[in-house]
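Notes for the one structure printed next.
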Amino acid sequence: MADHRSLHEALKVEEVRKHGAAALEYVIVRLQKSKTDSKYTLHARPTFYTLSGGITQADLLQRLGFSHGPCAFVTGNQCIAREVSEDFDLPHFTQVVERAFGELEAGIMSLFECGFYVEHRLFDKRLPPIIAGMLSNQRGDGHNAPKRQSMKQSEDASFDYRFTWIEGGHDKGWTFHYRPKHLPPSAEISSLLAFLGLKQFPECPEYDFEPCYWRFCNFIDTGDVFHGAAEIAHGWFDAHAQKFSTGLQKLLDAHATLATFGFELLPSVRANVPPEQVQPPRPRRTPSRAVPSVGSAPSAFDVAISFAGPQRSIAEAIATKVRDAGFEVFYDAFYPEQLWGKDLAVFFDEVFRKKSRYCVIIVSKDYVERDWTNHERQSAVARAIRERGKEYILPVKVDDRIELPGVADTIGYVSLGQYSAEKVAELLIAKLGASPAQA
């Protein structure tokens with residue numbers, strides 16, 4: 001993190017632009033230290049404060065590496081600041097922060113109901129004394145004990161949950177058990193569970209001696225029968241079926257939203273990124289399936305399809321027909337379990353820049369205006385540049401008047417005004433079949 005004074009002092013100081021948002025006031029300043037040495041710094045001031053001890057957008061920015069201290073550029077003489085680039089997109093950044101903060105708040109609240117104090121881990125917020133005692137480190141493994149009783153179980157679409165009481169030996173209290181329904185869990189989910197403090201046990205009797213994730217909650221005698229540790233622990237478990245997976249997803253959404261601007265909210269939650277290389281496509285295969293693969297995504301694709309939400313039905317029609325012809329197709333709805341929990345900024349870059357033989361882009365007004373589709377397009381364009389003239393991007397235009405940024409207007413395209421989605425799929429199948437597959 002840069003020294004706070006270095007973000008404010010220079011021989012010449014110039015205010016470049018301001019921007020007001022719902023919770024923060026922003027100023028970008030140009031600092032010139034010599035004729036050839038200058039930099040830009042972003043300064044933010046909270047426009048309101050919380051009295052409830054909850055987190056604020058200012059807390060989030062400090063988590064992202066902004067420093068806090070005196071400031072002459074904002075009202076109130078205190079700011080959070082960091083260095084930015086000359087072309088820093090301030091309006092877009094404020095939108096990203098507001099969206100990520102909303103996702104983060106929703107995730108924190110959902111997981112709070114399950115007994116996870118995320119703000120304690122992310123922002124060093126203090127735990128209430130009773131909660132701190134209940135969640136303090138246990139000495140045992142949460143499973144082995146002279147007395148053990150299965151108490152409750154529940155589930156959602158992604159996890160099976162069990163709740164047991166153990167007593168004697170090192171510990172006395174409740175063990176929460178978690179087993180993902182779709183194994184193995186993604187690297188992002190595994191690392192997020194570890195970030196939340198869940199441990200792994202290799203042979204859990206609750207799951208017929210298969211592995212589980214677990215956490216322990218100490219029994220503490222508070223002297224309050226109605227609001228004691230037992231009521232708290234049972235309430236936490238009862239919330240899991242409705243809140244746990246939702247909370248995980250919201251945290252990952254916030255992480256992915258901030259990643260589009262190069263920030264890391266959860267440093268331990270990262271995808272396993274392979275070496276920098278373009279993966280060779282798989283050879284064409286005989287058609288062997290009529291339903292999407294749900295076990296695991298292939299390591300490479302014959303074609304990846306990039307589209308905006310309003311054109312999903314078109315994308316699905318093309319993807320389904322090409323897949324049923326025996327080709328590996330990346331279409332997000334074919335791999336819901338693999339995408340759940342992924343750092344999508346990283347994963348989509350891998351798919352559209354490295355792992356596909358071709359990229360079909362369904363070009364529309366919605367496509368060129370949306371953040372995520374622009375992220376996919378930039379990855380595809382980077383790959384096309386590396387191909388040095390070889391065919392890679394295959395545009396399919398919903399409206400012939402719409403141009404695709406970064407792609408020359410001399411590149412041939414297929415118009416949905418002339419061809420149906422089914423016919424486009426037939427053309428793509430013919431192209432994939434005629435193109436030599438690399439070994």
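Each label point was placed 7 Å from the Cα along the Cα-to-Cβ direction; for Asp208 and Lys35 their separation is 7.9 nm. Think of a 1.4 Å ball rolled over the protein heavy atoms: segment 137-214 then has 49 Å² of accessible area per residue. Based on alpha-carbon atoms, the Kirkwood radius and the radius of gyration of segment 330-393 give Rg/Rh equal to 0.97. Rounded to 0.05, the FRET efficiency of the Phe48 and Thr410 pair, given R0 = 51 Å and the Cβ-Cβ distance, is 0.45.
Excluding Gln57 itself, what net charge comes from residues whose Cβ is under 13 Å from its Cβ, given Lys and Arg +1 and Asp and Glu -1?
Working: positive: Arg45, Arg63, Arg99; negative: Glu25, Asp59, Glu98, Glu103, Glu105.
Charge balance near Gln57 sits at -2.
Compute the Rg to Rh ratio over segment 361-439 from the alpha carbon atoms, using the Kirkwood formula for Rh, and round to two decimal places.
Values: Rg = 13.1 Å, Rh = 13.6 Å.
When Rh is taken as the Kirkwood radius, the ratio is 0.97.
If you take all other residues with their beta carbon under 14 Å from the beta carbon of Ser85, and give Lys and Arg +1 and Asp and Glu -1, the sum is 0.
Pairs to check: Lys321/Lys342; Lys12/Lys35; Lys390/Lys431; Lys250/Lys342; Lys152/Lys243; Lys152/Lys199. Give those whose C-alpha atoms are more than 18 Å from each other in this structure. Could you put the intermediate results ahead of the total?
On the way: Lys321/Lys342 26 Å; Lys12/Lys35 10 Å; Lys390/Lys431 14 Å; Lys250/Lys342 12 Å; Lys152/Lys243 16 Å; Lys152/Lys199 20 Å.
From the list (Lys321/Lys342; Lys12/Lys35; Lys390/Lys431; Lys250/Lys342; Lys152/Lys243; Lys152/Lys199), the Cα-Cα distance tops 18 Å for Lys321/Lys342; Lys152/Lys199.
Here the chain has 51 percent of its accessible surface on carbon and sulfur atoms, given a 1.4 Å probe and all protein chains in place.
Using a Förster distance of 60 angstrom, determine the FRET efficiency expected from the C-beta separation of Glu426 and Asn77, and round it to 0.05. Each step should come with its number before you reach the end.
Numbers: r = 67 Å, r/R0 = 1.11.
So, using R0 = 60 Å, E works out to roughly 0.35.
For the chain, the orientation-averaged shadow of the C-alpha convex hull comes to 26.8 nm² (one quarter of the hull surface).
The label-point distance for Arg386 and Lys18, in a model that sets each label 7 Å from Cα toward Cβ, rounds to 4.5 nm. Working note: 222 nm ellipticity from helices only, DSSP H runs with n ≥ 4, each -39,500 (n - 2.57), summed and divided by the residues of the chain, gives -10500 deg cm²/dmol to the nearest 500. With all protein chains kept in place, the per residue accessible area of segment 56-130 amounts to 47 square angstrom at a probe of 1.4 angstrom. Among all stretches of the chain without exposed GluC sites (Glu not before Pro) (DSSP loop, at most 10 other Cβ atoms within 10 Å), which one is longest? Between the exposed loop sites, the longest stretch runs 87-275. Label segment 292-439 by shape, choosing from rounded, prolate and oblate, from the square roots a ≥ b ≥ c of the eigenvalues of the Cα gyration tensor; if a/c is under 1.5 it is rounded, and otherwise prolate applies when a/b is larger than b/c, oblate when it is not. Note, shape of segment 292-439 comes out rounded. For Ala157 and Arg5, the difference between the fully extended length at 0.36 nm per residue and the C-alpha to C-alpha distance is 49.7 nm.
The Cβ shell under 10 Å around Ser379 holds other residues with a net charge of +1, Lys and Arg each +1, Asp and Glu each -1. For segment 1-140, the alpha carbon positions stretch 63, 29, 25 Å along the principal axes, listed from largest to smallest.
The values are calculated or read from the model by the stated rules, or taken from the named source; none is laboratory data. Being a predicted model, the structure only gives us computed values, none of them experimental. All Cβ positions, glycine included, derive from the backbone under ideal geometry; neighbour counts span all protein chains shown. Ligands, DNA and RNA are stripped out before the accessible areas are found, and what is left, the full protein with its side chains, is counted by its heavy atoms. Shrake-Rupley method; radii C 1.70, N 1.55, O 1.52, S 1.80 Å.
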